[in-house]
Amino acid sequence: MADEYSLRKEITKGFIQQNAVFVLALGLCPTLAVTTGLKNAVAMGIAVIAVMVCSNFIISLFRRFIPEQVRIPCFIVIIASFVTMVDILFKAYLPPEINAALGIFIPLIVVNCAILNRAEAFAYNKTLGRSVLDGLGIGLGFTISISLLAAIREALGSGTLWDYPWVPSSFPLEYVSASVMIQAPGAFLALGLLMGLFNRFLKNESS
Amino acid sequence: MTLTTVLTISFSAVFVSNFVLARFLGLCPFIGVTKKMENALGMGAAVTFVMFLASFVTYLLYGLILKEGALWIDADLELVLRTPMYILVIATLVQLVEMFLRARVPALYDALGIYLPLITTNCAIMGVALLNTTDAPVEIRSVAETGFGQGLIVASWHGISAGIGFTLAMILMSGIRERLDAADVPAPFKGMPIAFICAGLMSLAFFGFTGML
């Protein structure tokens, strides 16, 4: 099935056709939890890309040695190791406010079904190169989706983008932020509306 | 530990910081298994049970191994070992529960059977383990500091409460979705998008509990 894809398609299929958030609805917990600001979403996206590429690489490399009956525990241990590395690196190099915003959702990448899905559905029975490209593509698609969601929520909820106000200060009217958008209800509403728009405008041309 | 603390922890886990609607944990079953009321109830019961067990076991391991100064090893075990340790404990626990139920309580196994394997990758379980130990909110941390036994009790109680909150959200959502089937929804919004918008409105309602604590 996947053999008909060119290598370039292996990356781009994750953007729309097999978009992790809007089409497959995987990895929803971090999607909603960390999209209160664009910075947090990009940091989360980088973490997911790193874990996905590395775990796809290792799983694909060892796919002939992992017995089928215990493959899921093996995947989980491999993913958990990379999540721990990302966790430690983030704690060391990212500013504390981003770490506070990401909170328990960095260790929770280990139960992100988007990553386990790629391990099970792709890396376990595909070649090394393709698995790495697939992890990169699906990870990038995930990052783009959550960044879009975060940009909308941050712009409406705090009136800023990447922490800079998007309404110029010379503008005569002050922007009054709808703070519900950066609270829990706004996350569900924004994702529901974006998913509907995605179905309306993008899904048909890909299938 | 007073009765007020116990009630505060429960009320907080069920209403104020509901695991699904405020903390965004366990969204996959919340969207995936709420098309029918009885399935939602089965999943809720299974998750509550595993949450209680996982809270108990992970707190025990945290106190005996991971916590700073628990072992004579000069390393930050909390940061290095928590992720692999918790996920392995939860995966093993789910497997054991499945085997036990199949052998001893076949009726319950038939009712919960298909949901049990899904629970391993339910982030609400791992979430409750983390929120009991390394990332505990103030009300849990303050009790846990008074002693290991107290901490163990409060962690287990928090696990049960979080499970009840999860079950409540599942039941409410399945009730709404059973009615949505008959509703006239624009085609692109059928299924998941409208479910998320409903969840948003539910979350807004639960948001009203914030001022109560």
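The values are calculated or read from the model by the stated rules, or taken from the named source; none is laboratory data. Just so it is clear, the structure is predicted and the values come from calculations on it, not from any experiment. All Cβ positions, glycine included, derive from the backbone under ideal geometry; neighbour counts span all protein chains shown.
Key figures
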item: Single residue of A:LEU149, A:LEU140, A:LEU156 found to be in contact with a helix residue (DSSP H, G or I) (Cβ under 8 Å, 6 or more places away or on another chain), within 20 Å of A:MET44 (Cβ to Cβ) and within 12 Å of chain B (Cβ to nearest Cβ); result: A:LEU149
item: Restricting the stretch B:202-213 to residues that are free of Cβ contacts under 8 Å to residues at least 60 places away in the same chain and loosely packed, with under 15 Cβ neighbours inside 10 Å, the residue that is farthest from the other protein chains (Cβ to nearest Cβ); result: B:GLY211
item: Whichever residue in the stretch A:1-35 is under 14 Å from the mean Cα position of the chain (by Cα) and of a type outside the set (A, V, I, L, M, F, W, C) and, among such residues, is modelled with the highest pLDDT; result: A:THR35
item: Filter result (within 9 Å of chain B (Cβ to nearest Cβ) and either in a helix (DSSP H, G or I) or among the charged types (D, E, K, R) (or both)) within the stretch A:106-123; result: A:PRO107, A:LEU108, A:ILE109, A:VAL110, A:VAL111, A:CYS113, A:LEU116
item: Identity of the residue in the stretch B:60-116, more than 14 Å from B:VAL50 (Cβ to Cβ), aliphatic (A, V, I, L, M) and within 14 Å of chain A (Cβ to nearest Cβ), that ends up surrounded by the fewest Cβ atoms within 10 Å (Cβ to Cβ); result: B:ALA75
item: Given (1) among the small types (Gly, Ala, Ser); (2) in a helix (DSSP H, G or I); (3) free of Cβ contacts under 8 Å to residues at least 24 places away in the same chain, number of the condition B:ALA136 does not satisfy; result: (2)
item: Selection from the stretch B:133-163 of residues that are crowded, with 19+ Cβ neighbours inside 10 Å, within 14 Å of another protein chain (Cβ to nearest Cβ), within 20 Å of B:LEU81 (Cβ to Cβ) and not polar (S, T, N, Q); result: B:ALA136
item: Lone qualifier among A:SER170, A:SER179 - being of a type in the set (S, T, N, Q), farther than 23 Å from A:ALA25 by Cα, away from chain B (no Cβ under 14 Å) and surrounded by fewer than 18 Cβ atoms within 10 Å (Cβ to Cβ); result: A:SER170
item: Matching residues in the stretch A:48-100 - criterion: being surrounded by fewer than 18 Cβ atoms within 10 Å (Cβ to Cβ), away from every other protein chain (no Cβ under 13 Å) and either in contact with a strand residue (DSSP E or B) (Cβ under 7 Å, 6 or more places away or on another chain) or part of a helix (DSSP H, G or I) (or both); result: A:LEU61, A:TYR93, A:PRO96, A:GLU97, A:ILE98
item: In the stretch A:150-165, the residues that are within 11 Å of A:LEU38 (Cβ to Cβ) and surrounded by fewer than 24 Cβ atoms within 10 Å (Cβ to Cβ); result: A:ALA151, A:ILE152, A:ALA155, A:SER158, A:THR160, A:LEU161, A:TRP162, A:ASP163, A:TYR164
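Matching residues to (1) assigned to a helix (DSSP H, G or I); (2) among the polar types (S, T, N, Q); (3) in contact (Cβ under 8 Å) with a residue 60 or more places away in the chain:
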{"residue": "B:SER12", "(1), (2), (3)": "yes, yes, yes"}
{"residue": "B:PHE24", "(1), (2), (3)": "no, no, no"}
{"residue": "B:THR34", "(1), (2), (3)": "no, yes, yes"}
{"residue": "B:GLY44", "(1), (2), (3)": "yes, no, yes"}
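Residue-wise test of (1) over 20 Å from B:PHE24 (Cβ atoms); (2) of a type in the set (A, V, I, L, M).
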position: A:LEU61; (1), (2): yes, yes
position: A:VAL83; (1), (2): no, yes
position: A:ASP87; (1), (2): no, no
position: A:ILE106; (1), (2): no, yes
position: A:SER131; (1), (2): yes, no
